[in-house]
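Following: one structure in structure tokens, then a few remarks.
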Amino acid sequence: MNCASAESWLLAARTAADLPEGVRGHVAGCDHCRGLQRLVSAIDRQAAGAVRPGDPAARRRLDTILAALPDPRPGVRRASRARSHVLALLFVAVGVVGWLVGWATGRVAPTRPVEPTIPVVAPPDPAPNPPNSFDLRLAHFAAEVTGQDAPAAFAASLTAVAQDIRAEAVRTAEAGRIRDTPRLVAMHDRVVRHGLAGVLARLPSDTRRTVSASVSAALALAGEDLARRADAVAPAVGELLRPLAESCAKGADQIRGAKGPAAPPASEVGGGPDDELIRHSVRFVLAESALAKADASADVSAAVAQLITSVAFDGRPDEASQLGVSLDAIILKGVAGNLDRTLAGQPTAAAREEAAGIRQRSSRATQALERNLAKAPPAARAGLERALNASAKGRESVGHSPDGGKPAQKGPPWKKGDFEHPGKGNAVPPGWQKKSVP
Amino acid sequence: MDHETELDCVRRAQAGDRAAFSALVDRYWSPVRAWLDGLAGDREPADDLAQETFLKAWLSLRQLSEPAAFRVWVFRIAKTEALAQLRKPARRTEALTREPATRQPGPAQALETAEAGAAFAAAVRGLADPYRTAYLLWTHDQMAYTEMSRVLETTEETARWRVCEARRRLARAMAPHLGGKS
């Protein structure tokens with residue numbers, strides 16, 4: 001054994017124990033080789049210690065993102081070494097399994113079309129009794145969103161509702177409901193291109209790239225899937241589906257390019273309560289201040305109140321009751337919670353005035369339910385009563401007593417302190433003084 | 001985590017068990033991140049690369065036909081991810097000087113001085129990519145040459161040679177700082 005041979009062994013061995021007996025013997029008696037052994041051991045130690053400390057939150061963030069990713073489909077084969085193809089297959093797998101999980105848990109009806117799930121950060125906690133109808137799911141989404149404050153949570157909720165809207169749009173298109181599908185496509189456009197793109201742009205830069213890449217890839221895939229479906233079905237149905245495919249593709253481009261929220265769709269008014277619910281929920285997630293969030297929540301609550309009336313008059317008391325639960329949460333957290341936050345922060349007089357207006361508006365929205373109850377046919381009464389009971393706490397928080405909707409503060413408005421006295425210093429309202437003069 | 005436990009975790013993770021996958025991430029997060037840190041330097045945050053590596057691992061876990069090869073497989077994903085990122089234009093413009101290990105220097109521990117640390121960082125950066133990739137893989141996860149050859153997609157002999165060559169060059173560069181013979 002000479003030094004040259006021993007050196008090759010020394011450089012390849014991790015420890016002295018890995019060396020053959022002959023080499024160990026040589027090293028023991030050779031200063032040069034012993035020195036080399038010490039040197040390379042020291043270098044290895046240096047290498048192990050030279051790693052810069054990482055961000056401890058990165059590992060936790062990974063868990064958060066992983067929690068939102070559905071299981072990949074078993075047995076997916078790699079179609080190509082090209083990265084895009086691999087990703088495409090993965091997302092197909094993710095989507096199918098996501099749908100199966102949804103079907104198994106009752107969140108997606110079994111007749112719904114299969115489409116990819118958009119993986120996005122931690123999903124909200126599942127409801128104990130997931131709602132079955134589209135209206136209920138929208139109201140549940142609104143309640144979820146108006147109770148949150150983090151962009152990541154908003155992104156998860158918007159992703160889920162976008163998927164739900166797509167599924168509903170496909171269902172209506174295939175059922176030939178030509179008026180409903182375009183409305184749902186506009187709703188989808190608003191959620192994805194306005195809401196989701198805006199929220200993703202607000203994510204911290206370290207998670208935005210990963211999450212946006214996943215979301216845009218899944219959206220692009222959903223768009224391709226819808227385009228293929230549009231080609232395969234009857235032309236009339238295909239025409240309804242193509243705008244939805246375009247909405248997905250444009251949303252994917254926008255999110256991939258980190259372009260931020262698109263301008264909201266032109267048609268701002270004239271939709272039904274579910275359109276309004278989506279419009280104001282998206283306003284909520286993009287609102288910058290607690291006051292703006294309260295304002296959006298008041299509009300969301302008005303939309304849910306309309307849904308309740310519609311469902312109750314349709315003779316579906318169970319659904320009305322569940323909508324009442326959502327209404328309760330929206331008013332409590334979205335309206336009252338954000339108003340409290342606003343008032344706790346030493347607001348300006350104008351902000352206080354606006355807050356009082358929002359509170360009143362929210363209160364008026366729920367008063368409509370009470371008025372409807374007073375005149376409702378027997379079939380609708382049960383639903384309205386149950387919805388009112390379910391939303392009692394929320395209604396009370398914005399100025400209603402839970403027993404029949406009487407105002408919590410009795411007396412004329414000028415005695416509540418929110419208004420200037422109309423008599424400008426007189427102790428009685430205008431007109432009273434005149435009448436009392438004989 | 002021993003090999004049997006790891007194999008069990010991989011199988012359970014393939015069946016959709018997220019806790020099992022989390023245990024695998026716990027096992028490999030540090031070595032993968034450390035390796036990526038060495039490969040990417042200041043071009044790309046190692047945390048981001050590690051995160052994307054494990055996300056892709058989860059999404060494609062069921063494509064792994066040989067659960068016993070999980071370690072090799074995850075390092076291959078990491079390598080692909082690092083190479084893909086490094087081909088892009090640099091996102092950062094900071095100097096490539098790396099902070100040495102943050103340890104208290106002692107008189108008998110010349111290696112741990114800031115000077116030696118900086119020299120070592122420079123020496124590692126000066127290694128050609130194949131040598132640096134092989135050497136850091138060999139160092140950070142104590143990987144055997146057989147496994148290394150699969151990660152690096154080369155022969156075992158070439159993997160061994162790259163490690164030897166890297167250590168030889170590092171020894172030559174570090175000898176003046178460590179008082180050794182080159």
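Bear in mind that the values in this text are calculations on the coordinates, not laboratory data. All values derive from a computational prediction rather than experimental measurement. Here the Cβ is made from the backbone with ideal geometry for all residues, glycine too, and neighbour counts use every protein chain on show.
Suppose R0 equals 22 Å; then what is the FRET efficiency for A:Arg341 and A:Arg364 from their Cβ-Cβ distance, rounded to the nearest 0.05? Numbers along the way, then the final one.
Numbers: r = 22 Å, r/R0 = 1.00.
Using R0 = 22 Å, I get an efficiency of 0.50.
Relative contact order, whole percent, for region A:170-295 stands at 36, derived from Cα pairs under 8 Å and 6 or more residues apart. Net length available on complete extension from A:Met1 to A:Ala150 is 46.9 nm, with 0.36 nm assigned per residue and the Cα-Cα distance removed. In this rough spin-label picture, where each label sits 7 Å from Cα along the Cβ direction, the A:Asn389-B:Ala175 distance is 9.0 nm. For region A:287-407, report the % of Cα-Cα distances exceeding 26 Å. I get 19 percent for the Cα pairs in region A:287-407 exceeding 26 Å.
Spacing of the modelled spin labels on B:Thr80 and B:Ala15, each 7 Å from Cα toward Cβ, amounts to 2.6 nm. Compared with the alpha-carbon gap, the fully stretched path from A:Ala17 to A:Asp63 is longer by 12.7 nm at 0.36 nm per residue.
Net charge within 10 Å of A:Pro151 by Cβ-Cβ distance, Lys/Arg positive one each and Asp/Glu negative one each, not counting A:Pro151 itself?
Working: positive: A:Arg202, A:Arg208; negative: A:Asp149.
Result for the local shell: +1.
Here the Karplus curve 6.51 cos²θ - 1.76 cosθ + 1.60, taken at θ = phi - 60°, turns the phi angles of region B:126-136 into couplings of x, 6, 5, 3, x, 5, 5, 4, 5, 5, 5 Hz, with x standing for Gly and Pro.
Where nothing but the Cβ of Lys and Arg (+1) and of Asp and Glu (-1) is charged, how large is the charge dipole of region A:287-407 around its Cα centre, in debye to the nearest 20?
Values: 15 positive and 14 negative charges, 45 e Å.
Dipole about the Cα centre, nearest 20: 220 debye.
Here's the picture: a label point sits 7 Å out from the Cα of A:Ala350 along the beta-carbon direction, and within region A:285-313 the residues with their amide nitrogen under 16 Å of it are A:289-292. Over region A:287-407, Cα pairs under 8 Å with separation of 6+ residues give a relative contact order of 38 percent.
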